[in-house]
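Notes for the one structure printed next.
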Amino acid sequence: MTGNLHEECGVFGIFAPETQDVAALAYYALYALQHRGQEGCGIAVNDDGLFHSYKDVGLVSDVFTPERLAALGPGSIAVGHTRYGTTGSSARDNCQPMVVNHVKGRMALSHNGNITNASELRRALELEGSIFHTTSDTEVISYVITKERLTAPSIEAAVSRAMDRLDGAYSLALMSPSKLIIARDPHGFRPLCVGRRPDGAYVAASESCALEAVQAAFLRDVEPGEILVFTRDGVRALREHCGTAPRRSCIFEHIYFARPDSVIDGVNVHEARLRAGACLAERHPADADVVIGVPDSGLDAALGFSKASGIPYEVGFIKNKYIGRTFISPGQSTRENLVKIKLNPISAVVRGRRVVMIDDSIVRGTTCARIVGLLREAGAREVHVRISAPPFRNPCYYGVDIDSRENLVACRYGVEEIARLLGADSLGYLPAEDLCRLIGTRRGEGYCSACFDGDYPTAVPREGEKNRFEYKISEAKKA
């Protein structure tokens, strides 16, 4: 990723038939989902109706020391979360799961996505007397569910009613005193899947790689609009919201967000990226000596380009494995400093050679220009940049932190101009019409590509900024 994008989040839930160390299992799952967000994380454990939780900013391995995991104690249900927030700052209060204590029962909620009507819902709730303690749209979801719980016959019925009021993207893992409930929005913007461990415990996670981390066999993806309820009596599926909206799974999950060993909605992510590289080789061939990928998500596409073009693939960069995904680090200056120590080109691979460099996207262009510069400094004779996604030209309102066109380089310059800005000999993007080839559908069918083509599946929110609940007095908008 060469730019200024921000990740969404990873959610996890487990329902075990007997009390066990579910906190440790949640920890392993969140570790597998760390790539989906590095701002903060949390785990809530249910021990016979008593909730024990801990959350904080930082990486999973830093937040959850052995002592903190042990303090969560054993239990039969747990939910976990790893965060990059698309609404709300990086404060500890905005970390998840969010735990709610209410007369109708406790609840712990983890959320991946972005609620597009969160501002309207929050304002209505505040005018009714609700008091918010965070600036995250996840708290809005928890309030809506809690309010519906006052008259709903069950917590799952309250979730179903809440879905009638929530717009946008949400994959949820919710824990009540006796149930684990997971839900996916009717469009299916964000991934969610279910598996089962040999001991009979059911698990749910944003990606199948997290199921494997806890020795759970993949069962299936959660359908868009579906609610699954796990209790000691078994599993029930509520499908009243299924089919109420066209499927629009985020295509960028397959290009960048997901781990290559995950399977999302029946499509292997690694294979989707291979197809992206093959499409690039077909659409934008290059006369070159070697193909290299920018770690990590550019590697699979680079291999696909190499296989399709016949140009040898080699490892062109060494990545410092102790540095996280650059774009997840808040603040442009921080990101640029991280790039300087994150990647190092292998001069023996690129010196004196014509190089095809594959990456997954360009946002501002500054990071990509730096990487091209590193290849030039290492002696590359030519650098041909190929991007396994179309140009970003629109904000995303469904869980990716692109809230303005003004900093998107593709909105300001043409392809040849961008190539000059990057210092590249040529530049080629994946055509938008080829996105369907990645997942084996017809053009525009079953996926959301609004950040590329502007075709939004829902109404565009009036307020889409990440920190829209965090204005200074001088910046506050009139009600």
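Nothing in this text is a laboratory measurement; each read-out follows from the coordinates by a stated rule. Everything numeric in this text was worked out from a predicted model, so none of it was measured. Glycine also receives a Cβ, built like all others from the backbone with ideal geometry; neighbour counts cover every protein chain displayed.
Summary table
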quantity	calculated
Highest to lowest packing among 412-420, 385-393, scored as the average C-beta count within 10 Å	385-393, 412-420
For region 247-296 and region 112-150, distance of Cα centres in Å	36
Dipole in debye (nearest 20) - the chain, about Cα centre, beta carbon charges: Lys, Arg +1; Asp, Glu -1	500
Loop GluC sites (Glu not before Pro), region 123-221 (other Cβ atoms within 10 Å of the site Cβ: 14 or fewer; DSSP)	Glu128
Positive-end residue, region 233-280 charge dipole about Cα centroid, Cβ charges, pick of Pro260, Thr244, Leu280	Leu280
In Å, descending, principal axis extents of the Cα set of region 263-448	44, 39, 34
All aspartates and glutamates inside 18 Å of Lys55 as judged from Cα atoms, apart from same-chain residues fewer than 8 positions distant	Glu8, Asp21, Glu39, Asp47, Glu67, Asp93, Asp137, Glu139
Zero-based 10 Å bins, Cα pair distances in region 10-245, whole percents	9, 37, 40, 14, 1
Label point distance in nm, Asp62-Asn344, each placed 7 Å from Cα along Cα→Cβ	2.2
Nearby aspartates and glutamates by direct alpha-carbon distance to Lys321 (threshold 16 angstrom, same-chain neighbours under 8 apart not counted)	Asp62, Asp296
The chain pair-distance distribution - Cα-Cα, 10 Å bins, rounded %	4, 21, 31, 25, 14, 5, 1, 0
Leading residue at positive end of dipole, the chain (Cβ point charges), from Ser136, Pro97, Ile43	Ser136
Proximal aspartates and glutamates relative to Lys307, as straight alpha-carbon distance under 13 Å, when same-chain residues fewer than 8 apart are discounted	Glu271, Glu282
Rounded tilt (10° steps) of 118-127 against the dominant C-alpha axis of the chain	30
